[in-house]
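As structure tokens, the structure follows; a few thoughts come after it.
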């Protein structure tokens with residue numbers, strides 16, 4: 001039975017496991033079956049952080065020189081697109097070729113069905129390689145080497161194929177294609193463990209997308225809070241390369257800091273009015289569960305700026321930011337005021353950064369583009 005790791009004593013949320021951990025467990029299981037020539041029902045592996053976890057194995061098959069099995073990924077209480085995926089490993093033993101590899105066995109890792117290939121620079125593995133990241137590769141190798149050592153097979157030559165049968169279909173729900181990962185999913189994970197509600201998968205994707213943008217020579221990037229705003233930005237900037245489009249979602253502060261770390265100091269922020277107002281109020285995350293709209297603050301700004309009594313009345317009587325935007329007909333003075341405050345708030349998250357807000361309407365068009373000359 002799989003060991004259950006908890007995120008803390010005060011929460012009942014279950015942690016889960018990365019695709020990298022699942023691949024390492026499946027590879028260890030297949031290697032054990034190959035060495036023992038008998039079925040193996042579960043395996044225990046060590047994570048990079050020192051924890052250990054036990055995984056149930058399924059689909060066990062073995063012959064004299066090949067064995068395979070799979071682990072069903074459990075993402076715990078923070079499921080993503082790979083939750084429930086079958087992560088398969090097939091281990092094949094090839095006759096050793098003298099002279100033996102210095103230091104022990106030779107292990108080669110390949111991707112199979114449902115594993116993507118990298119086609120763009122800037123990711124953790126170079127173009128042309130299977131999308132199996134460095135830490136999962138080390139986990140797979142270490143898990144298999146320990147089997148070879150235990151059975152005195154240090155001079156074996158093994159090939160390991162990792163696959164996810166429905167990985168190509170699952171990848172359609174991710175940003176893999178934009179990142180240059182074609183044909184399937186990535187084998188990921190730096191700790192082996194998925195922490196519930198950590199949002200790490202999303203912020204890791206933001207980081208990877210920015211790395212690709214930089215490696216592809218993009219001079220600037222567009223950070224979008226949603227797909228409608230992203231499409232509006234792509235139509236507005238007709239020559240915008242795909243790599244420059246970064247879906248940041250609600251993770252404003254992380255995206256801005258990540259931009260600054262990579263030298264993108266004037267990113268465009270494409271969003272609708274409610275998100276722009278939350279950014280202007282200084283919220284690091286614009287999700288409804290993490291931030292609230294402060295319409296009283298907006299009214300205070302409007303009063304200080306000397307906006308018309310009509311605009312003040314609209315703000316006072318409105319229940320939502322959307323109502324303010326529509327009732328005011330996206331008043332240019334009000335939109336510019338909020339955009340200006342968003343510029344100041346962004347610089348608090350990432351000192352030195354100067355964002356360029358791009359306000360998008362609810363019909364997928366661009367309503368307002370902020371520039372310093374308009375401020």
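The values are calculated or read from the model by the stated rules, or taken from the named source; none is laboratory data. Every value quoted in this text rests on a predicted model; they were computed, and no experiment measured them. Glycine also receives a Cβ, built like all others from the backbone with ideal geometry; neighbour counts cover every protein chain displayed.
Some observations on this one:
- Criterion (within 30 Å of residue 214 (Cα to Cα), in the same structural domain as residue 364 (by TED's automatic domain parsing), in contact with a strand residue (DSSP E or B) (Cβ under 7 Å, 6 or more places away or on another chain) and buried (at least 20 other Cβ atoms within 10 Å of the Cβ)) met by exactly one of 244, 346: 244
- All told, residue 214 falls short of being in the same structural domain as residue 282 (by TED's automatic domain parsing) and at pLDDT below 95.
- Filter result for residue 297 (buried (at least 24 other Cβ atoms within 10 Å of the Cβ) and either at pLDDT below 95 or touching a helix residue (DSSP H, G or I) at 6+ places or on another chain (Cβ under 9 Å) (or both)): no
- Condition met for residue 125 (in contact with a strand residue (DSSP E or B) (Cβ under 8 Å, 6 or more places away or on another chain), over 17 Å from residue 30 (Cα atoms) and assigned by TED's automatic domain parsing to the domain that holds residue 21): yes
- Taken over region 292-330, the residue count meeting the criterion of being without any contact (Cβ under 8 Å) to a residue 24 or more places away in the chain, under 23 Å from residue 225 (Cβ atoms) and not in a helix (DSSP H, G or I) is 6.
- Within this structure, residue 336 passes the test of being in the same structural domain as residue 257 (by TED's automatic domain parsing) and part of a helix (DSSP H, G or I).
- Region 177-229, residues that are in contact with a strand residue (DSSP E or B) (Cβ under 6 Å, 6 or more places away or on another chain), surrounded by fewer than 22 Cβ atoms within 10 Å (Cβ to Cβ) and within 24 Å of residue 355 (Cα to Cα): none
- If the condition is being modelled with pLDDT of 90 or more, closer than 20 Å to residue 148 by Cα and part of a loop (DSSP other than H, G, I, E, B), then region 65-96 contributes only 65.
- Every condition in (1) modelled with pLDDT of 95 or more; (2) surrounded by fewer than 19 Cβ atoms within 10 Å (Cβ to Cβ) is met by residue 1 except one, and the failing one is (1).
- Among the residues of region 220-240, those identified as modelled with pLDDT under 95 and not in a helix (DSSP H, G or I) are 225, 226, 237, 238, 239, 240.
- Among residues of region 255-285, those that are free of Cβ contacts under 8 Å to residues at least 60 places away in the same chain, surrounded by 24 or more Cβ atoms within 10 Å (Cβ to Cβ) and within 18 Å of residue 320 (Cα to Cα), counted: 2
- Subset of region 19-55 that is assigned to a loop (DSSP other than H, G, I, E, B) and within 27 Å of the chain's Cα centre (by Cα) - its residue that is modelled with the lowest pLDDT: 49
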